[in-house]
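Right, one structure below, let's go through it.
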Amino acid sequence: MRGLAETLLEETELSVVGCDSAEEALSVLRESGGDVALVFADIRLAGQMDGIQLANAVATLWPKARLVVTSGVAPERCDEIPDRAVFIPKPWRPIDVLVEAGRAASEAPPAVA
């Protein structure tokens with residue numbers, strides 16, 4: 001699904017940076033956090049952090065970035081997802097991801113996803 005999401009987002013005006021883990025995503029954000037418009041993450045991620053922890057870190061440290069969290073199962077810890085994050089259940093529709101990318105691009109250019 002990650003590859004599909006990256007391919008889909010590459011069709012937008014956003015520059016796409018794919019990451020293998022939340023830790024890698026945080027490293028990218030540390031380098032260019034002010035320019036990141038969208039963070040799209042699955043709840044289940046490789047590494048020690050999950051997508052909910054990543055979303056909370058982004059919400060705190062980079063509040064201008066739009067957050068989209070996805071999962072194939074209903075998150076048991078829904079109350080831990082930041083209020084401003086959008087949850088899109090899998091299988092998501094490409095249009096739903098594109099709508100969020102459009103919102104991110106219009107709210108915070110220049111953009112990296």
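Readers should treat all values here as calculations from the given coordinates under stated rules, not as data from a laboratory. Since this is a predicted model, take the numbers as computed values, not measurements. Reconstructed Cβ throughout: ideal geometry from the backbone, glycine too, with neighbour counts over all protein chains shown.
Structure values in brief
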| read-out | value |
| --- | --- |
| Surrounding net charge for Gly72, when Lys and Arg each add one and Asp and Glu each subtract one, Cβ distance under 12 Å | +1 |
| Separation of alpha-carbon centers, the stretch 41-80 and the stretch 86-107, rounded to whole Å | 15 Å |
| Peptide ranges 75-86, 51-62, 35-46, 6-17 listed from the most packed, as the mean C-beta count within 10 angstrom indicates | 35-46, 51-62, 6-17, 75-86 |
| Charged-residue dipole, Cβ positions (Lys, Arg, Asp, Glu), the stretch 2-107 about Cα centre, Debye nearest 20 | 200 debye |
| Theoretical gain in end-to-end length, Glu24 to Glu80 [0.36 nm per residue, Cα-Cα removed] | 18.0 nm |
| Estimated [θ] at 222 nm from DSSP helical runs (n ≥ 4, -39500 (n - 2.57)) normalised by residues in the chain, nearest 500 | -12000 deg cm²/dmol |
| Unit charges at the beta carbon, dipole of the stretch 2-107: most positive-side option, Val28, Pro91, Gln53 | Pro91 |
